[in-house]
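The block underneath contains the structure these notes are about, expressed in C-alpha cells.
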Amino acid sequence: MSQIHIAKQKGKRKVLRPITHDQLKTATVEGPDGHTIDSQHALISMMLPPAVKAFFEELENEITALCGDRYKHTGHTATRWTPQAGSIFLADQKVALKHSRVRDTATGREIPLKTYQRFQDPKLFDQSVFQEGIRHVSQRDYETGLQRIAASFGVSKSSVSRRWIKSTKKEVEKLLSRDIGGLGIIAVFIDGKRFAHLGAVIALGIGKDGKKHVLGIYQSSTENSAACLNLLEELEGRGLPARDLLFIVDGGSGLNKALETKYEIADPENRRAYRLRCFLHKSRNIEEILGKNAAAEAIPLYWAIRDARDLVDARACSDALEACLSKLNKSALESYREAKEDLLAIHRLGLSSHLRKFFSTTNPIESLNSLLEEDLRRVKRWKNSDQFQRWLATACLRNEKRMRRIRGHSGIPALWVRLQQLCNRDKATEAAVDVADATAVA
C-alpha cells in the first residue's frame, strides 16, 4: 500500500501522494495545483543556479588575486578585460555562459584562468562519480550522494554507471599491471574469498619497509592449487622475487600444494621459500576436536609454543602439549602433529616479539577480506566477471591506503638475511644455518 503524506496549506489540510517510480521514469509529477511538473527540469533548475554561482565566486576570487579589488588602484600588473562567451562542464552537461577575462598590461596578452580551465575538463565528473561510487558502493544507492558531487546535476543511473565503469576499469588495470619489483616484498599472505557465487584468491605482501601492499587478485571459485599457482606465476612476472620469500598460510591443501610445486618448500636442501602456519587456524581446529572443557587444559600449552623465548622452549612446550593431547584426544594429537613443524618454524627466524606475533597468524589478510566484504556487501547480483573484478580491484586499492605499517618493522632486514640462509642451503651456507640452529637448541 502506498503511503499518503498530509501537508497544511493556508490552514487547510491537503493530501499529497508520494512520487512513484513510474513517475520518476517518465519525469512527470503532479504538483500541488494539479498541473504536471517536469521533474527532471525542476531538478536541474534547482541545482544549476547554486552550481553556476559557486563557479563564478571561485573565478572572481582568482581574478581578484591577479588584478586586485574592483575600482581600486592596487599596483597589480594585470587588469580585467571584456567578458567573453564560453562554456564549462557541470557534471555531464556543457553549460554556456559569459566569463570575465584578465590581460597582462605589460604584454597585452591574455592570462589563462585556472578555474575556467579546470571546469572545462569533463574528466572532473568522472573523478567525482568514482569518489562517490566508492562511498555509496551500490549504484542503486548512488543518487543519495548526489549533493556531495561538486556542481553536478541531471545525473541519470545509466550515466553514472557509464562513468563508474570507465573509472573502475582503470583501477583493475592499475592493480593487475603495476610493477611490484620495487616494493621489496619479503612476506606474502594468500587467501581465498567468496562474494555470493563468485570467488577470488587475493595476495597481500609485506615490504622490507613494513608496508602492506595488495599484490594481485585471481578469480577462482575455490582456493585450489591451480588458481594459487597461476596467481604466483602472474605475480612473479610483475616483479615478485623468485626466492627467499616467507609465506604465511592457513593450512589449505590447495595453497600448500602450489607452494610445494613452485618453491619445493618441504625440501630443506632445495627450498626457495619458507612457510609458516597460522597458529589461530590450527588452534580453532584443535578446540573443535577437543570440546570446551578439554580445550581449557590444552590450548594454553598450545599458545605457549608461539610465545616461547626460543626453539628449545618451544619444543619443550610442544612435547608437553603432545603428552596432554595423547591423554585427551588422539585425533587432536594427529591434527597438531600434521602442522607441528610449520608451527615451530617461526622460532628459526629469530623474530622480535612484535614480528613473531604478526607473522604467526593470517590476520592481516583476514582483515583485508573483512574490509572487502564490507565494501561490496550492497551488491546483490554480479552481472559478469568484468563487473566483479572491477569492483574488487577498486575496493582492494582503496583499502590498501588504509593499511598501517606493521609494528616492529625495523627487524625486517634481519628477517630477510635469515630467509636467505634458510632458502640457500648449499655448502657455503649449510654450516652457518646448522650453527644457528644448534645455538638455538643449546
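The values are calculated or read from the model by the stated rules, or taken from the named source; none is laboratory data. None of the values given here were measured: they were computed from a predicted structure. Please note: Cβ atoms are built from the backbone with ideal geometry, for glycine as well, and neighbour counts cover all protein chains shown. Calculation scope for accessible area: heavy atoms of the full protein, side chains included, ligands and nucleic acids excluded. Shrake-Rupley method; radii C 1.70, N 1.55, O 1.52, S 1.80 Å.
What shape does the stretch 162-271 have by the C-alpha gyration tensor, where a ≥ b ≥ c are the square roots of the eigenvalues, rounded means a/c under 1.5, and otherwise prolate means a/b greater than b/c and oblate the rest? Since a/c reaches 1.5 but b/c is at least a/b, the shape of the stretch 162-271 is classed as oblate. Cross-link check: pairs K257/K327; K114/K169; K169/K211; K174/K282 evaluated at a Cα-Cα cut-off of 27 Å; pairs beyond the cut-off: K257/K327; K114/K169; K174/K282. Put W303, W391, W416, W81 in order of accessible area, highest first, and with a 1.4 Å probe you get W81, W416, W303, W391. Cα centroid separation, the stretch 284-300 to the stretch 307-380: 14 Å. The loop-placed GluC sites (Glu not before Pro) in the stretch 269-351, going by DSSP, that have at most 14 neighbouring Cβ atoms within 10 Å of their Cβ come out as E269.
How many nm separate the modelled label positions at S253 and L371, each set 7 Å beyond the Cα in the direction of the Cβ? Between S253 and L371, the label points sit 3.3 nm apart. The Cα atoms of the stretch 278-416 give a gyration tensor whose axes a ≥ b ≥ c have a/c of 1.5 or more with a/b no greater than b/c, which makes the shape oblate. Evaluating kT/(6 pi eta Rh) at 20 °C and 1.002 mPa s, with the Kirkwood radius of the stretch 183-332 over Cα pairs in the Stokes-Einstein relation, gives 125 µm² s⁻¹.
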